[in-house]
Structures are given as structure tokens and as C-alpha cells.
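Structure incoming, see below.
The numbers here are math on the coordinates, done by the rules we state, and not lab data. Treat the numbers as computed from the prediction; the structure is a model and nothing was measured. Here the Cβ positions follow ideal geometry from the backbone for every residue, glycine too, while neighbour counts run over all protein chains shown.
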Amino acid sequence: MEVLVSRALPRSRKALALAAGAAFLAPLTVASTATAAPTPQPGYSVTALKFTVQAGGRTCVIDADLYRPAGLDRHRTAPAVLTTNGFGGSKADGLTDATARAFAARGYVALAYSGLGFGASGCLISLDDPDIDGRSASRLIDFLAGKHAADDGTTADFVTRDGHGDPRVGMIGGSYGGAIQLATAAVDHRVDALVPMITWNDLNHSLDPNNAVATSVPGAFKWQWADGFWLIGEGQPLTNPSLDPSRFGSLQCLHFVAKACDTLRLLNSGRYPADRVDAMRTFARSVSPVSYLPRVEAPTLLIQGQADSLFTLNEAEDSYRTLKAEGTETKMIWQSWGHSGGMTDPASGELNLGEGNLGTSYVGRRILAWFDRYLRKNTAVDTGPDFAYYRDWQSGYGEAAAVPSLSQKLYLSGDGKLVDTRAKVARGSRTYTNLLVPTSHSESSLAGIIGVPDPRPYDMRGTHLGWRSEPLTSAVDVVGAPRARLKVVSPRTERVQHSGDAADKLVLFAKVYDIAPNGTRTLVNRLVAPVRVPDVTKAFTVELPGIVHRYEAGHRLEFVIAASDTAYFGNRGVKPVTVVSAPGDTGVLELPVVRGSLS
């Protein structure tokens, strides 16, 4: 097996990525939203089924379990819920099975299946491609519609139908099991309701993010997450030595579709030649909701995690805005936990997959209401506000009619201060220089998953610049994605940035710290905004990761731009950066403040 990380990663990075592959990231199989807290209900039976499908030019079998509530028949029917696993999981993992049981216990027909390339299902891993994974899921909807039988002849004539061949069916799941819902609904309009959790909008942004606004320039490779997932997929024979032959591709790309491996090789090379970048970005978009959301008509409840450096809140917000613009019924919740924290031990009162509080947690009740409205057609049910967000400083969820807009500005002064008016900006310039190794740390992306300690975020002296506000006179609540308008000077970058390889452009990392009165610095959810500057001779805007955070009275905000980050590939070569400030021409940080004032 070719290990793609071997040429591009330093030894410490290789060790972490390989350890992740060995651990198989089991907690990432978030197929669910919720385990059940089963209330007294009629029993249900569970039947293992196989479905032969054509997928990506291959014939393979999907492994599934049908959960059928007692008493259903062609005269007494129930709507169905379709669910599948997160990346690396299967129908049998605790989360997928528990999700199906939770809904079967509430009278829904549930069909849980192992996604293509996982568990006992065949075919290659194709990253929730709508034309492969989506159409395969549509085959399962045909079964629920009574149009086709399972391979053993089992039929489903007990699912409620809205018309001939049209079952009433919803989908639910997280991460890899979230995007498949949107992919399926894009190719099959029989889907009636979706609940995608902690999933992506555009894999270009997820794995190679450039947080500079309105640019097609590639970003900074998120190597820890990406290589970890690749190792899960390619390392499957270690945990399942009897894989279906349809699961094998080639010696160069064992279990993924070839374009996925080509993409990862390019990212690990550290180079961005224009012709190969175009192919990479085209493929990543083709397997991302960003390319097909306009075709999704099913009412969609998006649930995204605040503690998530893999798929940030920004990705859910992008999907939310697109669906809203298309007229699709859409609502969004920002819960506390995501891929980067809280999945196995959610905060008190949050949806807890281990405790099974589907019927008692805020998010769980919203999910049940969503399906009650769109699957059981209970028009009297309240599905909640358009937007809701978990607050760790106050019980309950904040609710709003829309995501808050940017409302308050701070300015970057030449003396390192973050001030509330341009009149307070001091003239001056400040410089940092990158080294050829990372000198700033936000997170070890896989640390919590593979059980290793993660150092606190840090920035080495001389390799970053920071601007600090005065202590806040009252608490300030920020909900949403801050933005920064910046202009930098980097003559070494200017000489090479038009070389034809985007890797020669300047890379920097923007972030906002919460500084306590005792000097303790907190990087909210360890989130940073990687930027590959489109052109250092021009100003540019950076969208930072969305957060929900209270900056307490007496605390300071610190805006930082750093030369590197251990979780990402950075600059090629040494590129000193200078930031010049003057009252009429300086950087600006703008925040979506919903309570309090920065002035």
C-alpha cells in the first residue's frame, strides 16, 4: 500500500497520521443524531437485508437492517427513516443502530445501512457522490416504496406512501452520514425531510481552506484531518480481512475512487500547479453539497457543531443560505459538540448519544418535531425558530429569526492595540517572519480521537502579530463569523506570487483570542482562519470561523495573524510580513455582537 503522507510530512506529522489510521477514528462514525430513550412503544423486529446495486460502474451489495414496528401491514402503515454511518463506520456501529432503534421505538419504519465501501457493503468509497452514493440510496427508497424487493425477496408494503412509488421517508445522520442525505435528495425528490448533522458544504474549504473572501486561490492543506481519513479508508483490510472484491480499486488507490486519491496526492505534494488545481477543485465540488444544493427540495434541519475544526459553522451557514435562497424550507441549529469535542461527552442538556436523550434534549426535541411535521404531516407541530445556538454561559438555547449580522468594528493600531475608532489608531508598522517549521499551534486535529494530549494553543515570538483591546467594561456575546479587512507588505512574496504555482503565494493564519485578566489566552474551540493571500499588493478580506462565545467583563480581545499552524501546510520559503497602520488606512476586525458593546 502506498502511504501518501511519506514524502510530504515531517516525522512527527507522519507518526500522528499513522496513529490515527491505526485507531480508525471510531468516534468519528457519527451517523446519528441520537440514541433513543425509548418510551413505552410496541416492539419492533430487525431483519438483515442485502441490495444489489450498480454504483460507479461496479456491481456491489449494500448491507442493511430493516427495523419494522409491530402491527404494521399494508393497511396500517408508517413513514420511514433512512440512516447510514459516518466515515469508517457501518450499520452495526453503536450510533447507526441506536438511531434506527430510536425511531423504530417511536413507530417509524427504520432502514439502517452501511455506506458504499464501509462495513459489509461493497464498491469503492466515493465521498457521498450524488451520482454514485446518492443514486444507491435512491435504490433503497425504491424498496421502501414497494417498487423493488431486497435480494432475498423481502418487500416493504407497510410504509406510508404519498403516491404510487413514493414512500414518505426522511433521512438522518451525521458527518459522512449527513452529506449523503443532501446527495440523495438532489437526485431523488421523493425524500420528504432531512436532518444532516456536522457535515460539509464544500470539501475544497473543508480540507484545503482559504478563508480569503471571493477568491479561487487554493488554501492551506488541513493535513491532519485529511490524511487521517485517507488512512481509515485505505487501512480497512487491517480490520476486515474479508472485504468484498468490489471494494478494491488499484494498488495505487485501494479503496477510494481514483480522483479522491489523486486529490490527496496533490495536496500532500505541497504544490498547486494551475492545471491540477482545477481538476482537484472540480472533483471536490462535484462530491459536495455546494454543487447540487439548488436541486434539494426536501425540508432540511441543519445541525452543526461549534467544537468542529473539520466542518465549521461557516459550512452549515453556507448551505443554509443557499437552501433559503432556493425557497427550500430550512432551519439551522448550532449545537455545542462536533468533530473536535463533546461527541462522547456532550455538555449537560445537550443531545447525548450515550444517554439517549432524544426526547428530552433541545436538539432531540427539534429533530422529533421536524419529522413529526414532515413525515407524520402534523401541521400543528412547532418546528422551532429558523436559527438557534447553544450558549455555555446561560441555560437553554439562544433563538433568532436569522444568523446575526456583523455589527461592531475594531481597528488595528500601529502600537499593537485594538481600538474602537479610527481616531485612536496610532501610525506605525510591525513585522513578523516565518520559519521553515510551524511556530504556532491551534490543535492536534486527531488528539481527542486517538487519546493523546493536545498542547494549549501558542504562537512563538517574532512569528506572529497581535492587537489587543482594552478590558471590556461589560460582557460581550459574539454569535457568528467575524471578518477582518487586511493589507500586508511582503516584498519576497510579491516577487514570486505569480510564478504559476499558487504554493508561492503568502500563507497566514488569522484568529481571535479571549485574554483573561490573569493573562490566560483562550482560542475559542481552537479555531483559526487559514489564508493564502490572493495578491499581497492588494487589501483582502478574511472570514473567520463562526463562534458562539461570551467575552466576559474585564477580558480583552486579541486579534492575531500568525505565519504558520501545526495543523496545516504553510509557506514555501521564508516570507517576512509587515503590517502598516494609519488612522485613515488600517486593518479592521468586525464582529457579530448580539449583546454588549466593544466600545
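Hey, which lysines would be in cross-link range of Lys487, C-alpha to C-alpha under 23 Å, not counting anything within fewer than 8 residues on its own chain?
The reachable lysines, counting only those whose Cα sits under 23 Å from Lys487, are Lys409, Lys417, Lys424, Lys505, Lys511, Lys538, Lys575.
Next question, about the same structure. Kindly rank 459-472, 477-490 from highest to lowest mean number of other beta carbons found within 10 Å of each residue.
Details: 459-472: 17.6, 477-490: 21.1.
Result, highest mean Cβ count within 10 Å first: 477-490, 459-472.
Now for a different question. Counting Lys and Arg as +1 and Asp and Glu as -1, each charge on the Cβ, what is the dipole of region 451-599 about the Cα centre in debye, to the nearest 20?
Dipole of region 451-599, to the nearest 20 debye: 220 debye.
Give me the three principal axis extents of region 181-335 from the C-alpha atoms, as integers in angstrom, largest value leading.
Taking max minus min along each principal axis of the Cα atoms, region 181-335 gives 45, 39, 29 Å.
What's the center-to-center distance, using Cα atoms, between region 422-468 and region 142-188 in Å?
Centre-to-centre (Cα) distance: 48 Å.
Then there's this: In whole Hz, what ³J(HN,Hα) sequence does region 501-515 give by Karplus (6.51, -1.76, 1.60; θ = phi - 60°), x for Gly and Pro?
The phi angles translate into 10, 4, 4, 7, 6, 6, 10, 9, 10, 9, 6, 10, 9, 9, 9 Hz.
Which whole-number percent of Cα pairs in region 529-599 have a distance greater than 20 Å?
46 percent
Going by how many other Cβ atoms sit within 10 Å of their own, how do Tyr411, Tyr374 line up, fewest first?
With the fewest neighbours first, Tyr411, Tyr374 line up as Tyr411, Tyr374.
Please state the relative contact order of the chain as a whole percent: Cα pairs under 8 Å, 6+ residues apart?
Once divided by the residue count of the chain, the mean separation gives 15 percent.
Which whole-number percent gives the relative contact order of region 469-592, counting Cα pairs below 8 Å spaced six or more residues apart?
44 percent
With 10 angstrom as the radius, rank Ser114, Ser121, Ser291 by how many other C-beta atoms surround their C-beta, starting from the fewest.
Ser291, Ser114, Ser121
Hey, another quick one. Roughly speaking, what is the centre-to-centre gap between region 215-294 and region 528-593 when only Cα atoms are used, to the nearest Å?
Spelled out, the Cα-based centre of one part sits 29 Å from the other.
Report for the chain the percent antiparallel among DSSP-assigned beta bridges with both residues inside it, nearest 5.
So the antiparallel bridges in the chain amount to around 70 percent.
Taking K and R as +1 and D and E as -1, what net charge do the other residues with C-beta under 12 Å from the C-beta of Ala539 add up to?
Value of the local net charge: +1.
Sticking with this one: Strictly greater than 18 Å: what percent of every Cα pair in region 39-91 meets that?
51 percent
Send over the semi-axes of region 377-518's equivalent ellipsoid, whole angstrom and largest first, taken as the square roots of 5 times the C-alpha gyration tensor eigenvalues. Walk me through the intermediate numbers first.
Working: eigenvalues 245, 108, 75 Å².
Result for region 377-518: semi-axes of 35, 23, 19 Å.
While we're on this one: Would you please report the Å³ per residue occupied by the convex hull of the alpha carbon atoms in region 138-257?
Expressed per residue, the convex hull around the Cα atoms of region 138-257 is 167 Å³.
Can I ask one more? Rounded to whole Å and sorted largest first, what semi-axes of the equivalent ellipsoid does the C-alpha gyration tensor of region 492-576 yield via the square root of 5 times each eigenvalue?
Over the Cα atoms of region 492-576, the ellipsoid semi-axes are 30, 12, 11 Å.
Please report, to one decimal in angstroms, the Kirkwood hydrodynamic radius of region 408-595 built from all distinct Cα-Cα pairs.
Value: 17.0 Å, from the Cα pair sum.
May I ask you to sort Met197, Met171, Met280 by Cβ crowding, counting other Cβ atoms within 10 Å and putting the fewest first? Please report the intermediate quantities before stating the final value.
On the way: Met197 31, Met171 27, Met280 23.
With the sparsest Cβ surroundings first, the list reads Met280, Met171, Met197.
Using modelled backbone amide H atoms (1.01 Å from N, in-plane), which distant-in-sequence or interchain residues come within less than 5 Å of Ser340's amide H?
Excluding prolines and chain starts, which carry no amide H, the hits are Asp308, Ser309, Leu310.
Can you give the net charge of the other residues whose Cβ lies under 15 Å from the Cβ of Leu506, counting K and R as +1 and D and E as -1? Could the numbers behind the result be given before it?
Working: positive: Lys487, Arg492, Arg495, Lys505, Arg532, Lys538, Arg572, Lys575; negative: Glu494, Asp501, Asp504, Asp535, Asp565.
That sum, taken over residues with Cβ under 15 Å, equals +3.
Same structure again: For the chain, build the charge dipole from Cβ charges (+1 Lys, Arg; -1 Asp, Glu) around the Cα centre, then report which of Thr155, Ala120, Gly338 sits farthest towards its positive end.
Working it through, the farthest residue towards the positive pole turns out to be Gly338.
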